[in-house]
Structure formats: structure tokens, C-alpha cells
Amino acid sequence: MKQKTEAQQGSIEQLIYEETERRLEIMQSDTYEFPKKMTRVDYGIIIASGLLLAVWLCSKWGKRFGITEDQITDMMLFAVPAALISIRAYYVIFNLGQYRNADGSLNWGAVFRYSDGGLAIYGGIISSVIVLLIFCKVRKINFLAFGDLGVHGLFIGQLVGRWGNFMNVEAYGAPTALPWRMCSESIAKELYS
């Protein structure tokens, strides 16, 4: 039985390989045109839409958690600027080599150049938890209730934001023969170089 499973696995891998090769040939032909990446404005609109949808829905659901719309709005006034700083800071800290000059010093222009990409949601999550802790302490609000509500917003924002990643061809999985697979020149180059 195990040999049959290994044989089946081998045939699946062979199918994936053959399909990938076929797609690469099509992509390398003169008639194939690759989809263009989104502009930063398009990507920003998708991210902002996710944020606005999350805030709107959390405002509607807040009553169940004992949180008012005004408390959500007030907290967002602190959380969003902190998140904008921390999403970049987190990425830069964990990819510091990309931001060094030849002499080893930091290239501060590159560090602060958001337009080059390099953002990490983990930084935003960490800063949002810290902001929420401080906000709840100062306003005497139940942190766990607000956190429970906030997780719903995080999920919605991440769900919508992933469409931005998908459309920008920067979040994809391993090679597969499944019908919902993604393939582009940039993916092929990264996977097979």
C-alpha cells in the first residue's frame, strides 16, 4: 500500500513538473503577455479599504463587547499612526542588511522610503496591542473585550489586504497542478532560479 502511495506521489509531482514546464514555455513565447503589477496607489486603496471595512464592522459589533463607536474611533487615532511607523520599523529591523551602505552605515533615506515596499504586518499587530493596552488603561476600558473585538477587525483587514498581495503577485504558494494555481514570470523566476 505504501509503495502505491509513493508511486501516486511520484506521478503527482511529475504532473506538476510537466504542467509548470508547459506554462513556462507559454510564458516565454512572444505572444504571452504577463499581467502588470498593481500600482502603489491601487495597493494602498485595497489596504485602506480593508482598514475602513474593519473599523466600520467593529463599530457595528462593538456593542456586543461593551465598546462604543467613539472608543473605537479614538483608539484608531493612536493605533493607525503607530502602526504606520511600526510596520516599516519591523521590516527594516529584520532586513537590516538591505538598508546598509557599502561602508556598513545605515542608509536612512532607504529606511524611510516607504515607496520601495518592505512592510510587515507583525509590526502593526505589536504596536496595536501596545497602543490598545495603554488606551484601555488610560480610559479604564476592558482590554480583553476590546482585544476580542480588535481580532475581528484584524481578520477582516488581513482578508481584504491579502487580495492586494494576490493582485500584486507577491503572495503565492508552492508549484501545484490544482486549477486555482497562480503563475507569472516573477513567480517562475523566483521558484526556478
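Between the amide H of ARG100 and those of ASN107, distances stay under 5 Å, these residues lying 5 or more places away or on another chain, with hydrogens modeled in the peptide plane. What does the charge count around ALA82 come to, taking other residues whose C-beta lies under 15 Å from its C-beta (Lys +1, Arg +1, Asp -1, Glu -1)? That sum, taken over residues with Cβ under 15 Å, equals 0. Does anything in segment 64-90 have its amide N under 11 Å from the 7 Å Cα→Cβ label point of PHE143, and if so which residues? The answer is none. Take the Cβ atoms of LEU133 and GLU13, set R0 to 35 Å, and the FRET efficiency comes out at 0.15. Taking Lys and Arg as +1 and Asp and Glu as -1, the other residues whose beta-carbon sits under 15 Å from that of VAL111 total +2.
What's the local net charge at PHE146, with K and R +1, D and E -1, over the other residues with C-beta under 14 Å away?
The answer is +1.
Here the 3J(HN,Hα) profile of segment 122-131, calculated from phi with Karplus coefficients 6.51, -1.76 and 1.60 at θ = phi - 60°, is 4, x, x, 5, 4, 5, 5, 5, 5, 4 Hz, Gly and Pro shown as x.
Coordinate-derived values only; no laboratory data. These numbers were taken from a predicted model, which means no experiment stands behind them. Glycine gets a Cβ as well: all are built from the backbone with ideal geometry, and neighbour counts include every protein chain shown.
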